[in-house]
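Values quoted throughout were computed directly from the atomic coordinates according to the rules given, and no laboratory measurement underlies them. All values derive from a computational prediction rather than experimental measurement. Note that we place each Cβ from the backbone using ideal geometry, even for glycine, and neighbour counts take in every protein chain shown.
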Amino acid sequence: MDQILIMSLLAGLATIIGCLIVFAIGIPSRQFMAGYLGLAAGIMAILVVDLLSHALQIEGSWFVLRGILVGILFMVIISYGVDMLANQGIRKRRMGKKNTGQNNSEFVKIGWTMVLGIAMHNIPEGLAIAAGEAANHQLGLALIFAIALHNIPEGIGVTAPLLKSRTGKLSIITLLLLVSLCVPLGTWIGTHWIEPTDTMIATSLGFAAGAMVYIVAFHLLPSAFRQSPIYAQFGIFLGVLILSIAH
């Protein structure tokens, strides 16, 4: 258990890699981001199949379906809440511009909203790691790898606007370190709260699959295809190929 917590922490810390990329070379090209996001989406898509396969071997389809629906609903609620906070921040920023001109503190508030969104998404990712580990150690490791890949562009996405708001580099790194802790927090919750029964493990695997389906369908793929459809398709193919060979 200690090993999986440490490795889930490393997966969370992948956001720091994205941060350091922006510090070192600036924002990567659209083609690179499209290919990279497609790669992460392809890997996660194969892992969803793995999660469902393991879940159906353990328990009946009803429990798995229930977990999938709860996982998707959980992510929808989180995303809706974060969007509401972001919209409030944007409205306040616009009012600040009208009243006092360029108000740098409002940019910082929006940056904090983005950080909060990633933190809230990281907890179910940690739960997914715990569920995968409960079913199969190799599946847990594969999930850690996929989540780490997913977290790197999140680090890029947060760092760029925070730098524009003139937030200090040390402050950005500190924020991302705190956000990274949400992944092992989710794993810790999962390992302590998920009862080692077939029904609970199968439902948890379904939850993890549902959460990852949401991430792939509503975050990774739309972002990748907005950047460059051709490079996105290549990344997806490469991601599927890599994980298929690894199997």
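One table, with the values for the structure above:
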| item | result |
| --- | --- |
| Ranking of ARG30, ARG166, ARG66 by count of other Cβ atoms within 10 Å, fewest first | ARG166, ARG30, ARG66 |
| At R0 = 45 Å, FRET efficiency that the Cβ-Cβ distance of GLN3 and PHE23 yields, to 0.05 | 0.90 |
| Estimated distance in nm for a label pair at VAL70 and ILE230, the labels positioned 7 Å out from Cα along Cα-to-Cβ | 4.6 nm |
| By average C-beta atoms within 10 angstrom, highest first, the peptides 124-131, 238-245 | 124-131, 238-245 |
| Pair ARG166, THR197: separation of 7 Å Cα→Cβ label points (nm) | 5.8 nm |
| Per-pair calculated FRET efficiency, R0 = 25 Å: LEU56 and SER244 via Cβ, rounded to 0.05 | 0.80 |
| Top of GLU154, GLU133, GLU195 by mean-square fluctuation, Gaussian network on the chain, Cα under 10 Å | GLU195 |
| Positive minus negative residues near ALA232 (Lys, Arg vs Asp, Glu; Cβ under 12 Å) | +2 |
| Neighbour net charge for CYS182 - beta-carbon separation under 13 angstrom, K R +1, D E -1 | -2 |
| Calculated P(r) of the stretch 2-246 - Cα pairs past 23 Å, % | 51 percent |
